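Beneath this line is the structure, given in structure tokens, with notes to follow.
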Amino acid sequence: HDANIAISVLVDCSGSMSGYKLKVASQSAYLICNALEKAGRPSIVNCFDTQFYPIKSYKQKSSPKLFADMSGKGGGGTSEGMALEKVINEFKKVEAGKKLIIVINDGCPDNSDRLKSVIANCPKTINLFAIGIESEYVKEFYKDYIELKDINTLPDVLIKKFKQLAGHKY
């Protein structure tokens, strides 16, 4: 296994995500981070609406309470381009053989042109993977994505994704 991997999870906590969708998104982020910790791979988590909110640093341990705090954030618009650009710029400073940003969201960004530009200018050393919560809109922006209709399918999907990223066949 390639332990030299840096992973960042970016969760949309805008108004359209309130309620069930944000609960699924925060549970997804928790499942991802908890599984990574068990494998000895730290991760960071941020969420966004029109602002950027740090949720978990590399050094923090995952806990359900930490991720439940996302529900108290946000509620505004969806500045996905701004948030993704911030994460990409932070990731440029991280020393790791492989880098993965997982974006979890449900709807269209406030500025789709900015998001397309940020994605187009993302360094090739950073892999982007989007999880659309009951939404297939992610395919309009991200080459690598899934539409999550059932949170119970998430672990299998992520295992395949991480094996693919690490160069293993699945």
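The values are calculated or read from the model by the stated rules, or taken from the named source; none is laboratory data. Because the structure is predicted, anything quoted here is derived from the model rather than measured. Note that each Cβ is placed from the backbone with ideal geometry, even for glycine, and that neighbours are counted across all protein chains shown.
For the reader, a short list of remarks on this structure follows.
- Test: residue in region 76-88 that is surrounded by fewer than 22 Cβ atoms within 10 Å (Cβ to Cβ) and modelled with pLDDT under 90: yes
- Candidates in region 1-59 are the residues that are free of Cβ contacts under 8 Å to residues at least 60 places away in the same chain and β-branched (Val, Ile, Thr); of these, the one that is surrounded by the most Cβ atoms within 10 Å (Cβ to Cβ) is Val45.
- Complete set of residues in region 115-156 that are free of Cβ contacts under 8 Å to residues at least 12 places away in the same chain and not acidic (Asp, Glu): Ala120, Asn121, Lys124, Lys139, Asn152, Thr153
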